[in-house]
Amino acid sequence: MKVGVRELRNNLSRYLDRVHEGTEVVVTEHGRAIAKVVPLESATPRSGLDDLLAEGLATPARRADRSLPGDLIRASSPVSPLVAEQRR
């Protein structure tokens, strides 16, 4: 939401209520953005994924089950020599 300096000054409480609800307020002067009023971080920090979801740049997984199929296999020795050999 964009608001001019004069409008912000005249209705500061109203705009701070909007910020408290989670809205970002961009302050403009002569039509040019000069500042942004944003809510402080909540008690639980948002991840980068949360930001992408909020901006609509990512979609949530269809299923919450993200476990890998089967048991994990542990290597008994380093795999670096095998990888180097396969790259030759």
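The values are calculated or read from the model by the stated rules, or taken from the named source; none is laboratory data. Note that the structure is predicted; figures quoted are calculated from it, not measured. Positions of Cβ are backbone-derived with ideal geometry, glycine not excepted, and every protein chain shown enters the neighbour counts.
Inspect the stretch 69-86 for any residue being at pLDDT below 90 and in contact with a Leu (Cβ under 7 Å, 6 or more places away or on another chain) and give the result as yes or no. Checked the stretch 69-86: no residue is at pLDDT below 90 and in contact with a Leu (Cβ under 7 Å, 6 or more places away or on another chain).
When the stretch 3-52 is filtered for residues that are at pLDDT below 85 and either in contact with a Pro (Cβ under 6 Å, 6 or more places away or on another chain) or polar (S, T, N, Q) (or both), the ones remaining, listed by number, are Ser42, Thr44, Ser47.
Hey, among the residues in the stretch 53-88 that are of a type in the set (A, V, I, L, M) and in a helix (DSSP H, G or I), which one's surrounded by the most Cβ atoms within 10 Å (Cβ to Cβ)?
Here is the first cut: in the stretch 53-88, the residues of a type in the set (A, V, I, L, M) are 53-54, 57-58, 61, 64, 68, 72-73, 75, 79, 82-84.
From what is left, the residues that are in a helix (DSSP H, G or I) are 53-54, 82-84.
Working: Leu53: 14, Ala54: 11, Leu82: 11, Val83: 9, Ala84: 9.
So the residue we want is Leu53.
Within the stretch 3-23, the set of residues being loosely packed, with under 11 Cβ neighbours inside 10 Å and charged (D, E, K, R) comprises Arg6, Glu21.
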